[in-house]
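A.B. asks: Got a structure for you, written out below as structure tokens; questions coming shortly.
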Amino acid sequence: EDTGCLFSYIDDLDNPKELLEHIKEFKEDGNSFFRKGYVDSALEKYGFAGIFLTCLDLEMEEDREAFVNITCVVLLNMVAYLLRKKEIMPAGKFCTIVLDLNPISVKALFRRASTAL
């Protein structure tokens, strides 16, 4: 129900760095919820971060690098949630996406191996 407001808010942001800051805030909020055991609330925050990530229009290389880094972190956090919920197949797919973005991500390799086990 708040999705329209969310997209309207995103449209009003002009600066990719400002959008990246919001994404980091959602990620941190999600991490906080996850540490406290509120995994469903954590997933919601990671989902908002994902929505914001899809709206980024990146022109500078440093912004692209920041995008890849935060995308990998958000996806790996979602993988931790999915593994906790025993949702193995989607967790493995998210790990594969991360490895496409960053082939040497040890955490993605480890978590994908965990899904295979």
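A.B. asks: When you go through Glu18, Glu28 one by one, which is the residue that is open to solvent by 50 Å² or more (accessible area, probe 1.4 Å) and either modelled with pLDDT under 90 or outside any helix (DSSP H, G or I) (or both)?
C.D. replies: Glu18
A.B. asks: So, one more: For region 81-117, give me the residue count where each residue is out of contact with any Cys (no Cβ under 7 Å at 6 or more places or on another chain), free of Cβ contacts under 8 Å to residues at least 40 places away in the same chain and not in a loop (DSSP other than H, G, I, E, B).
C.D. replies: Going through region 81-117 one residue at a time, the tally reaches 21.
A.B. asks: Any residue at all in region 79-93 that is modelled with pLDDT of 90 or more, β-branched (Val, Ile, Thr) and surrounded by 15 or more Cβ atoms within 10 Å (Cβ to Cβ)?
C.D. replies: Checked against the condition, which is being modelled with pLDDT of 90 or more, β-branched (Val, Ile, Thr) and surrounded by 15 or more Cβ atoms within 10 Å (Cβ to Cβ), region 79-93 yields at least one hit.
A.B. asks: I'm trying to understand the selection: among the residues of region 30-41, which are under 19 Å from Asn69 (Cα atoms) and either among the basic types (Lys, Arg) or touching an Asp or Glu at 6+ places or on another chain (Cβ under 9 Å) (or both)?
C.D. replies: Answer for region 30-41, where residues must be under 19 Å from Asn69 (Cα atoms) and either among the basic types (Lys, Arg) or touching an Asp or Glu at 6+ places or on another chain (Cβ under 9 Å) (or both): just Gly30.
A.B. asks: Answer with yes or no whether Ile51 is surrounded by 13 or more Cβ atoms within 10 Å (Cβ to Cβ), out of contact with any Asp or Glu (no Cβ under 9 Å at 6 or more places or on another chain), modelled with pLDDT of 90 or more and not basic (Lys, Arg).
C.D. replies: no
The values are calculated or read from the model by the stated rules, or taken from the named source; none is laboratory data. Just so it is clear, the structure is predicted and the values come from calculations on it, not from any experiment. Methodologically, a virtual Cβ is constructed for each residue, glycine included, from the backbone with ideal geometry; neighbour enumeration extends over all protein chains shown. Remember, those area values only see protein heavy atoms, side chains included, never the ligands or the DNA or RNA. Shrake-Rupley method; radii C 1.70, N 1.55, O 1.52, S 1.80 Å.
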